[in-house]
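A short worksheet on the structure shown next.
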């Protein structure tokens, strides 16, 4: 997708805009959510993103990292990115603190298919940090409940300590979503579900599978078996969407880092319809 | 004589939904619906047990005892799952302890009667064991996925091509 069509403030997609960190929330070990304000008022006013898109965060002298948007402030003027400490850029970001400044360009990439979700039941399946790119879609659905069917959120994490956004699950339930959470490994005191995410798909209520849209984000193997469970439950392949975030570098389909078969994940993805990428998912090491 | 709604319940559970009518009728004759309150122990690790269960609603936690760590939760069983197959596939003791996490409804089948049914009617036995193998296969895959520790933090092993 052309970034310009998604409301990128810049005519030049290489141009990074200054942002300031206005808040940091520690989520889980090694994972924090950064609230960012575009410092140029006009750029901030024109900036629009769609659920599922990502920005390139630019730390001068260090490098850039592609990070999905995990939401925006209620006033809409601040962007949220949930980041796991992984490499040079994210470690430098972690060293900045509130008030720190750096660069941002975007948004880039294909969004979740919110139009297709309209009028249908939606199942958002996430594993680990995969809940972050799904959160804007979840918020969009819960903010317009009359426009969508039943929202079910199935989420799996490594341990109870790694559950992302745990503080908002009660609100999601309060707003009508079914939220089922599982962990791969239990810890003492955990009273919730133990087991992998695809098991939740096997067991969930699915009254109208042909009219249910699945939005899936997590490690490849998790997505593969989640898709398998959804297909077994009668969900059509063309109603299953996966987020294939990987190795995005230039964000405009030029450098080839993120090439996945004939697709460039940064511009043709990261959100892709399952039936279109299914043959490539079987190719080892692609 | 089967309880009136056992047949209906068996038709709704994936394990038995596709069984031929004859197999379903025979299975219903040795099955019983049970309601169990939360916190009840169905069977205990290391002890023999006589029944196999198909879960209708509720949830059950499976725990194994690890010296020095105590009871470790290994899996939560949910609606549609098969539970406690040890007495059907072998005559050994149970490999985990099963406790209901909430009020739970399940179908209880006497393992001895089930094996007898499979022996007396090999066609029914074939269908039932086919379903049992499928359930075991699903559980095996789920266990493998747990072992893979997919959400562990990893760093790419391949260097950047540029």
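None of the figures in this text is laboratory data; all of them are computed from the coordinates on show. Quick caveat: nothing in here was measured; it's all calculated off a predicted structure. A quick note on method: Cβ atoms are made from the backbone with ideal geometry, for glycine too, and the neighbour counts reach across all protein chains shown.
Computed values, structure above
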| quantity | calculated |
| --- | --- |
| Of all DSSP beta bridges in the range A:42-186, antiparallel share, percent nearest 5 | 50 percent |
| Residue-averaged 222 nm ellipticity for the protein assembly as shown, from DSSP H runs of 4+ at -39500 (n - 2.57), nearest 500 | -8000 deg cm²/dmol |
| Average other protein chain Cβ within 10 Å of Cβ, residues A:220-227 | 2 |
| Cβ-based exposure ranking for A:153, B:77, in which fewest neighbours within 10 Å come first | A:153, B:77 |
| Longest to shortest principal axis, alpha-carbon extents of chain B, angstrom | 70, 39, 28 |
| Mean separation of Cα contacts under 8 Å, 6 or more apart, over the residue count of chain A: relative contact order % | 17 percent |
| By average C-beta atoms within 10 angstrom, highest first, the peptides B:40-48, A:127-135 | A:127-135, B:40-48 |
| Distance between modelled label sites at residue A:115 and residue B:121, nm, 7 Å Cα→Cβ extension | 5.5 nm |
| Shielding score for A:185-196, defined as the mean number of other chain Cβ atoms within 10 Å | 6 |
| Gaussian network model of chain A, Cα within-10 Å springs - most flexible of A:253, A:156, A:109 | A:253 |
| The range A:3-108: radius of gyration over Cα atoms, expressed as a fraction of 2.2 N^0.38 Å | 0.97 |
| Of B:124, B:66, B:82, the one that fluctuates the most in a GNM where chain B has Cα springs shorter than 10 Å | B:66 |
| Within the protein assembly as shown, percent of DSSP bridges classed antiparallel, to nearest 5 | 70 percent |
| Packing-based exposure ordering (other Cβ within 10 Å, fewest first) of A:19, A:197 | A:19, A:197 |
| Most mobile of A:222, A:244, A:204 in a GNM of chain A (Cα contacts under 10 Å) | A:204 |
| Residue order, fewest to most beta carbons within 10 Å, for B:25, A:90, B:104 | B:25, A:90, B:104 |
| Shielding by partners - mean other protein chain Cβ count within 10 Å, residues of B:140-152 | 6 |
